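The structure under discussion appears below in the form of structure tokens.
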Amino acid sequence: MLAGIQFGIIGLQHYLVLAALLFVCGLATILVKRNAIGILMGVELVLNAANVNLVAFNRFAHGGGAGPALKLDGQVFAIFVIVLAAAEAAVALAIFLNFYNNFSTIDVERAQNLRG
């Protein structure tokens, strides 16, 4: 038996590594994709990484126990981020649809041709 290793226990480090992987995948998607929908998906991945961090830090800072000491700050902030992401997605999709109607493409390289 391996001394000092506890299997099946997920700590804060596991959540931080998951959030870092989500953030890096989202950032890589934002930087690599030329398609506007792909960039929007990358932004959503970055926001999900922030949500994982908020909930994980809340859980491990307050113990996550039930009762009068129950603190839901991380979950409340995560819900605000989800609402913000939904509003951002709706506005971005409206902009992309208008861009598609004008240029018949959603390639973001063509955005330099926009006029005010």
Worksheet item: Considering V43, V91, V24, V83, which residue is surrounded by fewer than 12 Cβ atoms within 10 Å (Cβ to Cβ) and under 15 Å from the mean Cα position of the chain (by Cα)?
Response: V83
Discussion item. Please count how many residues of region 15-48 are under 17 Å from I95 (Cα atoms) and either hydroxyl-bearing (S, T, Y) or in contact (Cβ under 8 Å) with a residue 40 or more places away in the chain (or both).
Written reply: 8
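Coordinate-derived values only; no laboratory data. Everything quoted here is computed from the prediction, not taken from an experiment. Heads up, the Cβs are rebuilt from the backbone with ideal geometry, glycines too, and the neighbour counts pull from every protein chain shown.
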